[in-house]
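Every number in this text was worked out from the coordinates using simple rules, so none of it is lab data. Just so it is clear, the structure is predicted and the values come from calculations on it, not from any experiment. Note: ideal-geometry Cβ built from the backbone for every residue, glycine included; neighbour counts use all protein chains shown.
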Amino acid sequence: MSPDGFVPWPADLAHVYRAAGCWSDRTLGSYLWEWAERWPHRTALVDGPHRLTYAELAARADRLAEELSRRGLGRGDVVLVQLPNCWEFVAVTLACFRLGVVPTMMLPPHREHELTAIGAHVGAKALVVPDTWRGYDHQDLAHRVAAALPGAPQVLVVGARVRPDSVDVRGLLAPGGDVVARRRRLDERAPAPGDIALFLLSGGTTGTPKVISRTHEDFRFSIDNCTRACGITSDTVYLAVLPVGHAFPLSSPGVLGTLYRGGRVVLLPSPQPETVFTAIEAERVTVTSAVPAVALKWMAAARTSTHDLASLRYLHVGGSTLAPELAAQIGPALGCRLQQVYGMAEGLICYTPPDAPAEVSCHTQGKPVSPYDELLVVDEAGRPVAPGAEGELLTRGPSTPRGYFGVPGQNELSFTPDGWFRTGDVVRLTADGDAVVCGRVKDLINRGGEKIAAAEIELLVQELPEVAEVAAVPVPDPEVGERVCVVVRLHPGRELTLARISTALTARGLAAFKIPEHLVLLDELPHTAVGKADKKALARLLATPVRSQLAA
Ligand code: OOB
């Protein structure tokens, strides 16, 4: 990994954050044995039939760390982690934290397009994948990607069917050996608190997703604050159903926050209501998190469910817009309290308090979990708006990096010269300082909480010989909030169907959730003064009937 890609905080501010105790002298991996010693026999992880105590988790993560080290992975090396919600994901992540190996959190739907671009950008030395997932051969995918990347990265596989040219992760997780000596060896090799702990992906607004570096000290502070904002304790039983590579279920407070406080994490690979309700009842789950689209499905299913959901106390909902009238129904439908969360992998996390009155929990997305987070709402010229007015939210703070990894040109656009991150979200702040998300200025589509950069889709559709010009825009959808629509001007005499686009983009290795679901053909696209497709005009146009093909 090139250390040049990391944009540090200014030294004077880093000093302030350390002096104030935001950044402590700890790495994330240093908690593993602290937890194991405080709660050795408590269950840390539940994944189907697998149950691991804190002591077992520590022993297994350490064993894996040592085996990874034996295979040449060490401090500063980067791996791509593409695992579904399973206990091995947690063990791999903690093993990386122990070694200072940097896991890059990919998502199970990612394919060649995403894995190759991100793998090349971060200089991945290994890929960790399931053998198959939802009928797709990830082991094969990983080998294809590895062959296309420089340095012949290793392929590590979680599953029963491991090829001879892959490394069997489960074999490396088997406990045994001298646990104490191994722990000491790993402690001696620990990374520094200011090192990059992990990479998260941003939905971003450019052709490929941007990579967000999170250091041990900045991430620990965020996790700590999230657990306080949500009242996570050793009595918490957290159910992880959203893909754990996302910052929301991973660390806000999610899986890592629950472990940090000695609670129990239950991992489920799908948010399907029946499976979720069964798990809540069986494990006496107290808190879980969902994007609005998932929460609404649960709400509808709860009406006819006979499962006992009485243990559920809190539901965290965020990632995309939740209408206040729906927010008001969630608590009564599921018999729990709603906490809204407005967060981003780039750092800022806002929560409504667990005991907030309805005007706060249903109508706002809460306050930053850290008092050191700064918020500034600005107009189009970058000037602060009047109190309570809408504008783009800028933010800075001890958990918000000063730049994306390795893209100095992009950083000039995404960050102001004095270090504010431009969220691209249109927000207003209430008199009490709660954030209300009103819209966005960034060019992306938010499909059920998954962020899709319009430019990424446009670049791929533009490659089709039929296409003269294309713009990707969101169309509102009652189920997932928004879906991808491509508006296309064809070359004269050519034809194009949604099925043809879908086939072509799938063949290019694009994740399925990004594949356009609507196609609109226009003789002329509206343009802005600088000659770009005018997306605001397109949104107005799409609100009126046009020659369109809707996805079946
Ligand atoms: C979470 O993180 P990301 O990085 O996948 O996406 C961040 C973006 C925000 O900039 C905003 O555009 C949107 O997702 N968003 C919301 C929202 N929460 C996030 N838009 C409207 N209402 C909300 N409540 O999505 C994320 C990370 C940590 C915790 C929760 C969500």
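Please list 3J(HN,Hα) in residue order for the range 361-378, calculated via the Karplus relation 6.51 cos²θ - 1.76 cosθ + 1.60 where θ = phi - 60°; whole Hz, with x for glycine and proline.
6, 9, 10, 9, 10, x, 10, x, 6, 10, x, 8, 6, 9, 10, 9, 9, 10
Compute the distance from the alpha-carbon center of the range 166-238 to that of the range 76-130, in whole Å.
For the range 166-238 versus the range 76-130, the Cα centre distance is 12 Å.
Report the equivalent ellipsoid semi-axes for the range 403-529 in whole Å, largest first, defined as the square roots of five times the eigenvalues of the gyration tensor built from alpha carbon atoms.
Those come to 31, 18, 15 Å.
How far is the Cα center of the range 1-50 from the Cα center of the range 389-422, in Å?
23
Through the Karplus equation 6.51 cos²θ - 1.76 cosθ + 1.60, θ set to phi - 60°, convert the phi angles of the range 189-197 into ³J(HN,Hα) values in whole Hz; use x for Gly and Pro.
These are the phi-based 3J(HN,Hα) values: 9, 4, x, 9, x, x, 5, 5, 8 Hz.
How much length would be gained if the chain were fully extended between His15 and Lys536, taking 0.36 nm per residue of separation minus their Cα-Cα distance, in nm to one decimal? Don't skip to the end; give the middle numbers.
Details: separation 521, 0.36 × 521 = 187.56 nm, distance 4.36 nm.
Result for the pair: 183.2 nm of gain on full extension.
Could you check the spin-label model distance between Asp4 and Ala148? Points 7 Å from the Cα along Cα→Cβ, value in nm.
The modelled label-to-label distance comes out at 2.5 nm.
Rounded to whole Å and sorted largest first, list the principal axis extents of the Cα atoms in the chain.
Computed over the Cα atoms, the extents are 71, 57, 55 Å.
Which one, Ile196, Cys336, Ala181, is farthest towards the positive end of the dipole of the chain when Lys and Arg carry +1 and Asp and Glu -1 on their Cβ?
Farthest along the dipole direction, towards plus: Ala181.
Work out the FRET efficiency for Arg170 and Ala529 from their Cβ-Cβ distance, taking R0 = 60 Å, and round it to the nearest 0.05.
It comes out at approximately 0.55.
Within the set of other residues whose C-beta is less than 15 Å from the C-beta of Pro357, count the net charge using Lys and Arg as +1 and Asp and Glu as -1. Write out the running numbers ahead of the final one.
Working: positive: Arg337, Lys367; negative: Asp355, Glu359, Asp432, Asp434.
Once all neighbours under 15 Å are counted, the net charge is -2.
Using only C-alpha positions, report the orientation-averaged shadow area of the convex hull of the range 222-442, nm², one decimal.
Value for the range 222-442: 12.0 nm².
Excluding same-chain residues fewer than 8 positions from Lys442, which lysines have a Cα within less than 27 Å of its Cα?
Lys442 reaches Lys210, Lys367, Lys451, Lys514, Lys532, Lys535, Lys536.
Quick one: angle between helix 112-122 and the longest Cα principal axis of the chain, in degrees between 0 and 90, rounded to 10, please.
The angle comes out near 60 degrees.
Could you calculate the FRET efficiency of Arg75 with Thr233 from 1/(1 + (r/R0)^6), where r is the beta carbon distance between them and R0 is 35 Å, rounded to 0.05? Mind dumping the intermediate values first?
Values: r = 33 Å, r/R0 = 0.94.
About 0.60, to the nearest 0.05.
Give the aspartates and glutamates reachable from Lys125 as a straight Cα distance under 20 Å; neighbours fewer than 8 places away on the same chain don't count.
Cα-Cα hits under 20 Å: Asp4, Asp62, Glu66, Glu67, Asp77, Glu88, Glu112, Glu114, Asp140, Asp165, Asp168, Asp195.
Given Cα pairs under 8 Å that are at least 6 residues apart, what percent is the relative contact order of the chain?
Relative contact order here is 12 percent.
Modelled label-to-label distance, Thr544 and Ala181, 7 Å Cα→beta-carbon offset: nm?
That separation, rounded to one decimal, is 7.9 nm.
Over the range 280-365, what relative contact order in percent results from Cα pairs under 8 Å that are six or more residues apart?
Computed value for the range 280-365: 27 percent relative contact order.
So if each residue of separation counts as 0.36 nm, and I subtract the Cα-Cα distance between Arg508 and Leu413, what length gain in nm does that give?
31.4 nm
Hey, if you put +1 on the Cβ of every Lys and Arg and -1 on every Asp and Glu Cβ in the chain, which of Ala148, Cys96, Val427 ends up farthest toward the positive end of that dipole?
Ranked along the dipole, the leading option is Cys96.
What relative contact order, as a whole-number percentage, does the range 161-275 give when Cα pairs under 8 Å and 6 or more residues apart are counted?
It comes to 19 percent, rounded to a whole number.
On full extension of the chain, what length is gained from Glu466 through Glu495, given 0.36 nm per residue of separation minus the C-alpha to C-alpha distance?
9.8 nm
Taking the Cα centre as origin and putting +1 on Lys and Arg beta-carbons and -1 on Asp and Glu beta-carbons, what dipole magnitude results for the chain, to the nearest 20 debye? Walk me through the numbers before you get to the answer.
On the way: 55 positive and 61 negative charges, 178 e Å.
That gives the chain a dipole magnitude of about 860 debye.
Using 1/(1 + (r/R0)^6) with R0 = 35 angstrom and r between the beta carbons of Ala389 and Glu479, what's the FRET efficiency to the nearest 0.05? Please report the intermediate quantities before stating the final value.
On the way: r = 32 Å, r/R0 = 0.92.
The calculated FRET efficiency here is 0.60.
Separation between the Ala160 and Asp25 pseudo-spin-labels, each 7 Å from Cα along Cα→Cβ, expressed in nm?
Label at Ala160, label at Asp25, 5.0 nm between them.
Compute the orientation-averaged projected area for the range 293-373 from the convex hull of its Cα atoms and round it to one decimal in nm².
Working: hull surface 22.7 nm².
Computing the convex hull of the Cα atoms and averaging its projections yields 5.7 nm².
Which of the peptides 269-281, 412-424, 124-136 is most tightly packed, and how do the rest follow, judged by the mean count of other Cβ atoms within 10 Å per residue?
124-136, 269-281, 412-424
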